[in-house]
Amino acid sequence: MIEQSKQLFDRAQKSIPGGVNSPVRAFKSVGGTPIFIDKAKGAYLYDADGNRYIDYISSWGPMILGHAYEPVVNAICEHAAYSTSYGAPTKLEVEMAELIISMVPNVDLIRMVSSGTEACMSALRLARGFTGRNKVIKFEGHYHGHADSFLVKAGSGLATFSIQQVPGITAGVANDTLVASYNNLEQVRALVSENKGEVACIITEPVAGNMGCVLPEAGFLEGLRQICDEEGIVLIMDEVMTGFRLAPGGAQEKLGIKADLVTYGKVIGGGMPVGAFGGKLEIMEHIAPLGNVYQAGTLSGNPIAMIAGYITLQTLKENPSIYTELNEKTVYLKNGLDKVLKAWEQPFIINQFGSMISIHFSDHPVTDFTSAASANNKIFNKFFHSMLDRGIYLPPSAFESWFLNNALSYEDLDETIKAVEESLKTIN
Ligand code: HOZ
């Protein structure tokens, strides 16, 4: 029974484009009615009709500790009473910056913004301002938010809706965006040599999460580092998904790769709208007011957002066992899924890294966008709905990673594996 969700969706479409404030939420590619959420606690979402779902989206990543984590909620309530915004510096921002710098490698200075989009957009401008070059190399199927330069062969909603070209993006901007296949160093080398002295930066998701979860192959990130060093190119790691999720120091720590600039979002805000970009002093000192690369925001460093992020990051820093627990839970889920999917006797691929995981209904390894896009997404769509009917909330697209949160219990994981087993019986 999702009567309330149906009514709300009808109503929403009269005042909000497509009835949603972010496209993938509309369920357009999987079909059906998006579930309207009323509240959430721990690992569970509750919809407007009172149905309970085990949540594998975790707000697309941020809710790593589970929903309505009490210390975060209490701190937000306390700070809201002091005012929700000042537009002036606070001690909390200093503490937040110091905490981030103490957790992540290779960050001398960090600037807070309000979203991952803003973080990536600003890091790109900074890389261009620092190098005096215009071009950016990105990877097909990677998503770095919705700034113009990144919406070329992008993942996430663009892959979900097969949007190849985005109207409104000028040819000049698109021409400055060069695209290579993820895990293909040869293509990167070719682009760099064809555009000698013109490439400002290479931006990558270290572990891709916007074409499902896709892992970097051995040597790929190291190869990017080497190319950037040789050619004076800024390496930007987009850790919006992986930052504070794969390890306290994100993918940089987990994979041992040093970026020049790094971008954050999602977990860094503990569920509030927060992003950040940071990196080496010699680059970051070009940002205004130290330098002339301009970037600003009325709600940047907002006190409510900062306290939610600060408590979340501090909890993760003080309890590194959370990462071990999350990893063990995700591997348990992977093994359980593997067992029931093997019994189903149709091809599938499960990619997993830390608490990121996804299933592609494919007979070949998924290592880049071409292999992700050639999976059988009609099966995924049936699978999604069958799981939803059984109270399991997966991302409504095969081009999105699932994110586990640490409130998930082993009973929840068993319930999920059982739901997969039952769902597969309904799919032919
Ligand atoms: N682009 C986000 C995930 N890759 C989706 C955000 C949302 O719909 O909330």
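Could you tell me whether P62 is at pLDDT 95 or above and within 16 Å of the ligand (Cβ to nearest atom)?
When the stated conditions are applied, P62 passes them.
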### Summary
Of the candidates T263, T324, the one satisfying the condition of being of a type in the set (S, T, N, Q) and part of a strand (DSSP E or B) is T263
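Conditions (1) within 16 Å of the ligand (Cβ to nearest atom); (2) of a type outside the set (A, V, I, L, M, F, W, C); (3) modelled with pLDDT of 95 or more, marked per residue:
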{"site": "F130", "(1), (2), (3)": "no, no, yes"}
{"site": "H144", "(1), (2), (3)": "yes, yes, yes"}
{"site": "A171", "(1), (2), (3)": "no, no, no"}
{"site": "T204", "(1), (2), (3)": "yes, yes, yes"}
{"site": "G223", "(1), (2), (3)": "no, yes, yes"}
## Note on the structure
For S162, the lone unmet condition from (1) among the polar types (S, T, N, Q); (2) farther than 22 Å from P105 by Cβ; (3) more than 16 Å from the ligand (Cβ to nearest atom) is (3)
### Message
Could you tell me how many of the residues in the stretch 26-58 are within 13 Å of the ligand (Cβ to nearest atom) and of a type in the set (S, T, N, Q)?
### Response
2
### Task
Return the residue satisfying two criteria in turn: it lies in the stretch 362-379 and is crowded, with 20+ Cβ neighbours inside 10 Å and in contact with a Phe, Trp or Tyr (Cβ under 6 Å, 6 or more places away or on another chain), and of such residues it is farthest from G32 (Cα to Cα).
D368
### Query
For the subset of the stretch 133-160 comprising residues that are assigned to a loop (DSSP other than H, G, I, E, B) and without any contact (Cβ under 8 Å) to a residue 60 or more places away in the chain, which member is farthest from the chain's Cα centre (by Cα)?
V152
#### Entry: strands (runs of 3 or more DSSP E) contained in the stretch 167-254 and holding at least 1 residues among the hydroxyl-bearing types (S, T, Y)
177-180, 199-204
### Task
Sort through P23, P71, P89 and tell me the only one that's within 13 Å of the ligand (Cβ to nearest atom) and either touching a residue at least 24 places away in the same chain (Cβ under 8 Å) or crowded, with 20+ Cβ neighbours inside 10 Å (or both).
P23
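I'd like the residue in the stretch 406-428 that is without any contact (Cβ under 8 Å) to a residue 24 or more places away in the chain and part of a helix (DSSP H, G or I) and, out of all such residues, is surrounded by the most Cβ atoms within 10 Å (Cβ to Cβ).
K418
In the stretch 355-405, what residues are in a helix (DSSP H, G or I) and among the β-branched types (V, I, T)? Full working, then the answer.
Step one: filter the stretch 355-405 for residues in a helix (DSSP H, G or I), giving 369-373, 377-389.
Within the stretch 355-405, T370, I379 qualify.
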### Query
Exactly one of (1) over 25 Å from S401 (Cα atoms); (2) crowded, with 16+ Cβ neighbours inside 10 Å; (3) among the small types (G, A, S) is unmet by S115. Its number?
(1)
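Residues checked against (1) more than 19 Å from C120 (Cα to Cα); (2) surrounded by fewer than 20 Cβ atoms within 10 Å (Cβ to Cβ); (3) away from the ligand (no atom under 16 Å from the Cβ):
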residue: T242; (1), (2), (3): no, no, no
residue: I257; (1), (2), (3): no, no, yes
residue: E282; (1), (2), (3): no, yes, yes
residue: I287; (1), (2), (3): no, no, yes
residue: T298; (1), (2), (3): no, yes, yes
residue: Y310; (1), (2), (3): yes, no, yes
### Query
Going by the structure shown, is T298 under 19 Å from the mean Cα position of the chain (by Cα) and either farther than 27 Å from I57 by Cα or at pLDDT 95 or above (or both)?
no
## Note on the structure
Considering the stretch 146-159, residues that are within 12 Å of the ligand (Cβ to nearest atom) and small (G, A, S), and then whichever is surrounded by the fewest Cβ atoms within 10 Å (Cβ to Cβ), we arrive at G157
### Task
Test each condition in (1) outside any helix (DSSP H, G or I); (2) over 18 Å from D55 (Cα atoms); (3) not β-branched (V, I, T) for K342 and report the one that comes out false.
(1)
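The values are calculated or read from the model by the stated rules, or taken from the named source; none is laboratory data. All values derive from a computational prediction rather than experimental measurement. No Cβ is skipped: glycine too gets one built from the backbone with ideal geometry, and neighbour counts run over all protein chains shown.
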